[in-house]
Every structure is written in C-alpha cells, then in structure tokens.
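Notes follow once the structure below has been shown.
The values are calculated or read from the model by the stated rules, or taken from the named source; none is laboratory data. These figures come from a predicted structure and were not determined experimentally. Note: ideal-geometry Cβ built from the backbone for every residue, glycine included; neighbour counts use all protein chains shown.
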Amino acid sequence: MTSLTAPIGVFDSGVGGLTVLKHLCQTFPAQSWIYLGDTARLPYGTKSGITIHAYTEENLTFLSQFNCQAFIIACNSASTQFPSDFHSGRPVFKVIKPGAIQALQETRNGKIGIIGTKATISSRVYENELHRLGFSGETFSQACPLFVPLVEEGLLHDAATDLIIDRYLRPMKEAGIDTLILGCTHYPLLYQALNRYFGPSVKLVSSEFQLSQSLAHSHCVQTEPHTPGHITLYTTDRVEFVKDIAERILLGITQTIEYRNISGPPLYEGSL
Ligand code: DGL
C-alpha cells in the first residue's frame with residue numbers, strides 16, 4: 001500500500017532531469033522525491049532503443065523498492081523507449097506528451113521546431129504525439145548532440161555555443177517556426193542562448209508545466225500543506241561528482257536534499 005506521503009520516483013540519464021524536478025518541487029513543496037541520475041551510463045541519447053529500454057527498466061525497478069506512488073521518466077530519450085504507462089503497478093509519467101501539448105497551445109502559425117538527442121529525434125515521438133493530438137501543421141526536427149556536452153561544460157553563454165546553435169538551427173529559423181520544443185533535459189539550461197538566437201517571436205517550450213498539471217490531476221502527488229518534502233538523490237557513479245551542479249540547478253527549492261550513492265551510506269546530508 002502507498003500513501004500520499006510516499007515519494008515519487010524520478011529518473012534521468014544524469015542530472016539534467018533536475019531541471020524537471022526543480023519545477024515539480026516548486027509546484028508541490030510538500031511532496032518527497034527519490035531521484036536517480038544514471039551518471040555511470042550517460043549519455044542515453046546516442047544509444048540504441050534496445051539499450052535505452054533496458055536501462056529504463058532497470059532504473060524503474062531500482063526506484064520501485066522505495067514504495068513510490070508514481071514514477072516520472074524525466075529523460076526524453078528514455079521516454080521514447082517506454083511505451084507503457086505503468087511499472088510495478090504504479091503510473092509512469094513521461095515528458096513527451098506534456099511537451100507536445102504545450103507546443104500545441106503556443107503555436108500560432110503551425111510551424112513547430114523539435115530538438116533533442118539523436119535517439120529522441122530519430123524516434124519521431126514528438127511528431128507522432130503532435131499528430132495524435134490533432135496537429136496538422138508543419139514540424140522541423142533537428143538532433144543537437146553537441147548541446148549536452150556544451151551544457152555539461154557550463155558554456156551556457158559562450159560564442160562557441162552560439163555558433164553551434166546557428167549551425168544546427170538556422171534551417172528551422174529560416175523556415176519561420178514560432179514554437180520550439182526543447183526535447184532534452186539539458187536544453188532548458190540553454191534557454192537564454194536560444195532565446196537570444198530566435199528572438200521573442202519564437203516560444204521555447206519544455207514539459208515541466210504540463211507534466212505538473214497531469215500529476216496534480218492524477219492525485220498521486222501531495223498537494224495539501226504537510227511537512228516540507230525531502231529529496232533523496234542517487235547516482236550510479238560517485239554522487240559527489242554531480243553535487244555542485246545539482247545544487248546549482250536546485251537552488252531555491254525548500255525541500256531538504258540527501259545525496260547518496262546507490263550502495264553505501266549517505267555521503268552528504270543537507271538542505272539548500
Ligand atoms: N537526458 C537526456 C534526454 O533528455 C539527455 C542526455 C543523454 O543523452 O543522456 O534525452
């Protein structure tokens with residue numbers, strides 16, 4: 001049996017999914033979360049569908065030991081490879097449909113750009129979801145494999161990043177998109193650089209807002225005032241490698257955070 005105080009399990013291939021978790025923490029401050037960053041096996045976006053699916057199964061099985069009342073696959077590449085909406089009898093929320101819904105709400109001219117890893121773009125999940133939702137306009141997609149290492153190097157405001165953005169995205173800019181789906185956990189961290197490149201007429205959308213709406217409607221999440229929530233953050237490689245960036249991404253949330261390696265005692269306990 002789970003109760004509303006039970007945690008929600010979230011995983012990503014690394015710490016990029018903390019951009020999703022941050023929004024969820026701010027929306028549901030009383031909810032507790034178990035986050036798994038599969039840092040030992042990152043990146044997922046360059047791997048085959050079979051491999052990504054196997055990793056996804058393993059991550060959900062790991063999270064299921066914590067009596068989670070729901071799971072969130074924050075990773076776009078993993079979301080493309082997990083068609084089911086359940087695991088271990090619990091609902092699984094993914095990031096593709098929320099991003100597609102948000103894009104549909106934003107577009108005025110029916111020209112939507114989609115960017116993501118090679119795995120996400122080649123799967124065409126965003127196009128399929130948009131069409132399932134009744135979209136009949138045009139889509140322009142582009143894999144942007146260099147964006148993840150640029151973000152991980154911290155080059156968020158850098159001439160090199162601006163150059164790569166132009167290299168990848170000029171065709172969709174020239175095609176006149178008015179909405180761009182940021183279909184990868186790392187890309188919200190390039191929001192300002194992308195916004196500078198496209199200007200205010202192009203809406204940059206990601207999944208967090210619609211995802212939190214779906215969670216709120218699912219009754220899986222603690223929405224009533226309660227004791228403040230807690231985050232337990234696991235990584236598959238040494239957790240201290242990502243502690244600095246994790247703290248930077250999660251800055252401002254009220255939940256306490258405990259950093260743990262998959263096996264062994266907590267390495268660090270504290271609140272931001
Ligand atoms: N988390 C991945 C995604 O959202 C990006 C990083 C990776 O390739 O693993 O697709």
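I'm checking my understanding of the structure. Among residues of the stretch 108-138 that are of a type in the set (Ser, Thr, Tyr) and surrounded by fewer than 20 Cβ atoms within 10 Å (Cβ to Cβ), which one is farthest from the chain's Cα centre (by Cα)?
Checked the stretch 108-138; the qualifying residue farthest from the chain's Cα centre (by Cα) is Ser136.
Would you be able to say whether some residue in the stretch 62-75 is farther than 19 Å from Pro7 by Cβ, crowded, with 18+ Cβ neighbours inside 10 Å and either modelled with pLDDT of 95 or more or of a type outside the set (Asp, Glu) (or both)?
Going through the stretch 62-75, the residues farther than 19 Å from Pro7 by Cβ turn out to be none.
The answer is no; no qualifying residue exists.
So the check is Cβ under 6 Å with 6+ separation or different chains; which pairs have a first residue in the stretch 215-226 that's assigned to a loop (DSSP other than H, G, I, E, B) and a second one that's modelled with pLDDT under 90?
Within 6 Å, the pairs are Gln222/Leu4.
Looking at (1) in a helix (DSSP H, G or I); (2) surrounded by 21 or more Cβ atoms within 10 Å (Cβ to Cβ), which is the one condition that is false for Ile50?
(2)
Give the residue, chosen from Ile164, Ile114, that is farther than 18 Å from Gln81 by Cβ and of a type outside the set (S, T, N, Q). Lay out the reasoning, then the answer.
Working: Ile114 fails: farther than 18 Å from Gln81 by Cβ.
One residue alone meets the criteria, Ile164.
Of all residues being closer than 20 Å to Val125 by Cβ and among the hydroxyl-bearing types (Ser, Thr, Tyr) in the stretch 179-219, which is nearest to the ligand (Cβ to nearest atom)? Just the residue, please.
Thr185
Return yes or no: is Thr161 within 18 Å of the chain's Cα centre (by Cα), assigned to a helix (DSSP H, G or I), of a type in the set (S, T, N, Q) and at negative phi? Outline the logic, then answer.
Values: within 18 Å of the chain's Cα centre (by Cα): no; assigned to a helix (DSSP H, G or I): yes; of a type in the set (S, T, N, Q): yes; at negative phi: yes.
So Thr161 fails the test.
Pairs only if they're at least six apart or on different chains, beta carbon under 8 angstrom, first in the stretch 197-213 and farther than 24 Å from Lys173 by Cβ, second of a type in the set (Val, Ile, Thr) and part of a loop (DSSP other than H, G, I, E, B); list them, first residue then second.
Final answer for the pair search is Leu211/Val95.
Going by the structure shown, is Thr256 polar (S, T, N, Q), free of Cβ contacts under 8 Å to residues at least 60 places away in the same chain and either under 22 Å from Pro7 (Cα atoms) or in contact with a helix residue (DSSP H, G or I) (Cβ under 9 Å, 6 or more places away or on another chain) (or both)?
Values: polar (S, T, N, Q): yes; free of Cβ contacts under 8 Å to residues at least 60 places away in the same chain: yes; either under 22 Å from Pro7 (Cα atoms) or in contact with a helix residue (DSSP H, G or I) (Cβ under 9 Å, 6 or more places away or on another chain) (or both): yes.
Judged against the criteria, Thr256 is a match.
Test Gln192 against the stated conditions and say whether it is in contact with a Gly (Cβ under 8 Å, 6 or more places away or on another chain) and either in a loop (DSSP other than H, G, I, E, B) or closer than 28 Å to Thr27 by Cα (or both). Outline the logic, then answer.
On the way: in contact with a Gly (Cβ under 8 Å, 6 or more places away or on another chain): no; either in a loop (DSSP other than H, G, I, E, B) or closer than 28 Å to Thr27 by Cα (or both): yes.
Here the answer is no, as Gln192 does not meet what is asked.
Report the residue count in the stretch 215-248 for those that are surrounded by fewer than 18 Cβ atoms within 10 Å (Cβ to Cβ) and within 24 Å of Val151 (Cβ to Cβ). Please lay out each step first, then the result.
Restricting attention to the stretch 215-248, the residues satisfying the condition of being surrounded by fewer than 18 Cβ atoms within 10 Å (Cβ to Cβ) are 216-219, 223-228, 230, 237-238, 240-241, 244-245, 247-248.
When the remaining residues are screened for being within 24 Å of Val151 (Cβ to Cβ), the result is 237-238, 240-241, 244-245, 247-248.
The number of residues fulfilling the criteria is 8.
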